[in-house]
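The values are calculated or read from the model by the stated rules, or taken from the named source; none is laboratory data. Keep in mind the model is a prediction, meaning the values are calculated, not measured. Here Cβ is always computed from backbone atoms with ideal geometry, including for glycine, and neighbour counts include all displayed protein chains.
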Amino acid sequence: MSVALRAQLLLCLISLSTRTGFTRYIEENDAADGLYSLLTLAQKRESEGFIFRRPLRCLDMLATEGYFTFVASRPQLACAAFIIAEPSEVISLELSDVSIDCSAGDFIKIFDGWVLKGEKFPSSYDHPLLPHERYTDYCSSTAPTVASRSSQNVAMIFFRIHSPDSGFSLTVKKLHNPLPCNIMSQSPEGSFTMVIPHQRRNCSFSIIYPVEIRLTDLSLGEAKSNEIHPLKQMWSGCSGSGDFVELLGGNGVDTSKMFPVADLCFSSSGLAQMKIGCDNSVVRLVSSGNYINRVTFQYRLLDQNELPKTRENSLDNFCTVE
Ligand SMILES: *[C@@H]1O[C@H](CO)[C@@H](O)[C@H](O)[C@H]1NC(C)=O
């Protein structure tokens, strides 16, 4: 999709979201496009030096630390701010100066991750907390300050405020995370090394763009041979192995609902390259806890002419280009 088209989508999104509210935005819009446009806007504002203190909008994306204040200008019933940090950071959020009326149905909820079109990132299977534990609800909290620390580099806040002039402030801080597990990429190109040292857990690196992914290094316990398995039969290659890498493609953010594009279960270097023509592309490292597993990959945005012409829904070639 061209830059011009994305810019148009952004304008569409902004006018739509101010007119119809966030719920419809979540339900009906092409989430990845919308998010990415918001993210680009957030990064542009940063580069213009408009940083530490600013008003929060009803639909917003925050990519910097800072102090953000929301004041309702009219009843605003479906608002959300997406917050993103660098891959090796987690996010601390704290509410202050809250003036809302919980008894009238106002609320402010912090979520550990992102929710989009009803799907969660990280997926419920991959997150250390139970789904209900991932919400911090201002209205049901008894603590003197309502604060939350995310488990990965993304978090969000939902709010509904009926009375004009009610509102709150939000302090966003970023903290170093020495062992990042689930990650949402801020950029459609870059490189990353994911490590899981002797832990029984699964980690996903999510890129909300169609990209080409190139695995440049993979170390999974025992080294055997180079081999990539495009998924033809049911998991012939790696199903018996407790440690492997899967490439997933899909149009939502929940990795458990995405389609496997390829899997890789042998250590090697200089190996696989794959184009994934979906809105969301994921590198997922599955780890039994018996080994130190490490995967390094590079990714870049697919050009317009590299995108699949028609998106067929058959599992075999869904999102796979070439
Ligand atoms: C990791 O993923 C694999 C395959 O998807 C699954 O069998 C395993 O239970 C998962 N491990 C954890 C700790 O969730």
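Assorted remarks:
This table checks each residue for (1) among the acidic types (Asp, Glu); (2) modelled with pLDDT of 90 or more; (3) within 19 Å of residue 204 (Cα to Cα); (4) not in a loop (DSSP other than H, G, I, E, B).
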position	(1), (2), (3), (4)
225	no, no, no, no
239	no, no, yes, no
246	yes, yes, yes, yes
263	yes, no, yes, yes
296	no, yes, yes, yes
305	no, no, no, yes
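- Scanning the stretch 84-111 for residues that are farther than 25 Å from residue 163 by Cβ and in a strand (DSSP E or B) turns up 84, 89, 90, 91, 92.
- Residue satisfying all of: in the stretch 275-292; in contact with a Lys or Arg (Cβ under 8 Å, 6 or more places away or on another chain) and at pLDDT below 90; surrounded by the fewest Cβ atoms within 10 Å (Cβ to Cβ) among these: 289
- Filtered residues of the stretch 272-290 (kept if away from the ligand (no atom under 12 Å from the Cβ), charged (D, E, K, R) and either in a strand (DSSP E or B) or free of Cβ contacts under 8 Å to residues at least 60 places away in the same chain (or both)): 275
- Positions within the stretch 66-83 being in a strand (DSSP E or B) and either more than 21 Å from the chain's Cα centre (by Cα) or not assigned by TED's automatic domain parsing to the domain that holds residue 165 (or both), in sequence order: 67, 68, 69, 70, 71, 76, 77
- Exactly one residue out of 150, 123 is in contact (Cβ under 8 Å) with a residue 60 or more places away in the chain, surrounded by 15 or more Cβ atoms within 10 Å (Cβ to Cβ) and within 16 Å of the ligand (Cβ to nearest atom): that is 123.
Every residue, every condition in (1) at pLDDT below 95; (2) away from the ligand (no atom under 16 Å from the Cβ); (3) not aliphatic (A, V, I, L, M), yes or no:
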{"position": "138", "(1), (2), (3)": "no, yes, yes"}
{"position": "142", "(1), (2), (3)": "yes, yes, yes"}
{"position": "155", "(1), (2), (3)": "no, yes, no"}
{"position": "204", "(1), (2), (3)": "no, no, yes"}
{"position": "222", "(1), (2), (3)": "yes, yes, yes"}
{"position": "232", "(1), (2), (3)": "yes, yes, yes"}
{"position": "242", "(1), (2), (3)": "yes, no, yes"}
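- Any hit, the stretch 112-125, residues being outside any loop (DSSP other than H, G, I, E, B), modelled with pLDDT of 95 or more and farther than 12 Å from residue 255 by Cα: yes
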